[in-house]
Amino acid sequence: MATGADVRDILELTGGDNDAPISKKDFINSEKKKAKKTTEALTFKRPEGMHREVYALLYSDKKDAPPLLPSDTTQGYRTVKAKLGCKKVRPWKWMPFTNPARKDGAIFHHWRRTAEEGKDYPFARFNKTVQVPVYSEQEYQLYLHDDGWTKAETDHLFDLCKRFDLRFVVVHDRYDHQQYRKRSVEDLKERYYCICGKLMKVRAASGAEPKIYIFDAGHERRRKEQLDKLFNRTPEQVAEEEYLTTELRKIEGRKKEREKKAQDLQKLIKAADTNTELRRAEKRVSKKKLPQKRETEKPAVPETAGIKFPDFKSAGVTLRSQRMKLPSSVGQKKIKAIEQILTEQGVDLNPMTTEEIVQMFNELRSDLVLVYELKQALSNCEYEQQMLRHRYEALLKAGGGGGGGGGFQGVVTVSTPQAAEPNVGNSGSAKEQIIDVVGAPLTPNSRKRRESASSCSSVKKMKKP
């Protein structure tokens, strides 16, 4: 007959060697106890390839689910309370101490552990002092003597420098100006560093060149004087300086623009001269050698002059008419001007595309563009010259110089804000300050009118035979 222990062993029930009678609850709750036991025995193994830190974010030691929001239930980032153990507390004592930085022997008191009694003050290591050189009587008489300084005054200066760690502003404040001459901060610095340099040079070993610090007292005085002037400026002077700075930037911008225009004009003139020489060379050669001479003796023409037609050197079949197509770099105004001139002169816009006609037609249009640009540059220069002449005459009249018959000078005036206001019984308010010599900037409307007028005049002049 089976006992209760055998039944528990078969059903895998807990109870050990307990021989208590089996009840109904043992059979009913047996599956729940078994499931609970198996769940507690489950272990989660970290998958391969997953870092330990990432796996720790998913599961903790208690196998809890990862939190959705951070919580402060743990002591990870909180202030840890003191864990008082069974050891004996280290005793503290109210004891006196002295600070080595003080020379008066003052005694202070503070709390300190008994084991640290008799040790040096821990903050004494921060007491850093400047090493001020010391000289003897013989060294002063041989190397350091100065007619403007006495030995007593020099000793007083070095004593203050040692007391206040070369804080020359404090040294100047504590300097005895009643007993000695009144000195500035620059004078004190100059005397101190001059003596230090001489002592380093005298005490240096033979053959060695010590690094000597040289103090420029004159430069320091000028620097402070400039700072005082800069600090004591009035609001009117600040506004005037800003105005002049703005005008200077405008002048530099106009100067760069004029230089760029001059360079472009020189390129146009050079291109015109090159084309003229090319035409003369072509007239001298015979008609049979004309195509060869064009390829061998053609000089280099700047890219910005005339029209640069693309070269079709790629493999494959191409039409010769493609060589007559104007490149995209040519503007619409130039294209319309070329078409208008060719129409008035009776030249077909799309001629027969033979080798000679294509080459001559492209050269003709390139020359037309070059002449158009030269005419436009000439009109711009004439317009600027006329504008500068009017400004110069107005300047002579305003200055009372009388007589505008003198030679024209490229002088441009920019009125100050006071001169732009109406004259209210004050003749001095009409003064103008001469600032620029390269011309004032044009307004956008005047620039557009000038360009349109110059383009129209260029086209009209090109129409004339």
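The requirement of being touching an Asp or Glu at 6+ places or on another chain (Cβ under 8 Å), of a type in the set (G, A, S), part of a helix (DSSP H, G or I) and modelled with pLDDT of 70 or more is fulfilled nowhere in the range 248-269; no residue meets it. Apart from one condition, L395 fits all of (1) modelled with pLDDT of 85 or more; (2) hydrophobic (A, V, I, L, M, F, W, C); (3) surrounded by fewer than 16 Cβ atoms within 10 Å (Cβ to Cβ); the exception is (3). Of all residues in the range 202-233, exactly one satisfies the criterion of being within 19 Å of T154 (Cα to Cα), part of a helix (DSSP H, G or I) and open to solvent by 60 Å² or more (accessible area, probe 1.4 Å), namely V202. Close Cβ contacts (under 6 Å, 6 or more residues apart or on different chains) running from residues in the range 365-392 that are under 29 Å from M324 (Cβ atoms) to residues that are among the charged types (D, E, K, R) comprise V369/K334; K375/K461.
The values are calculated or read from the model by the stated rules, or taken from the named source; none is laboratory data. All values derive from a computational prediction rather than experimental measurement. FYI the Cβ positions are ideal-geometry reconstructions off the backbone, even for glycines, and counts take in every protein chain you see. Surface areas here come from the heavy atoms of the whole protein model, side chains and all, with no ligands, DNA or RNA. Shrake-Rupley method; radii C 1.70, N 1.55, O 1.52, S 1.80 Å.
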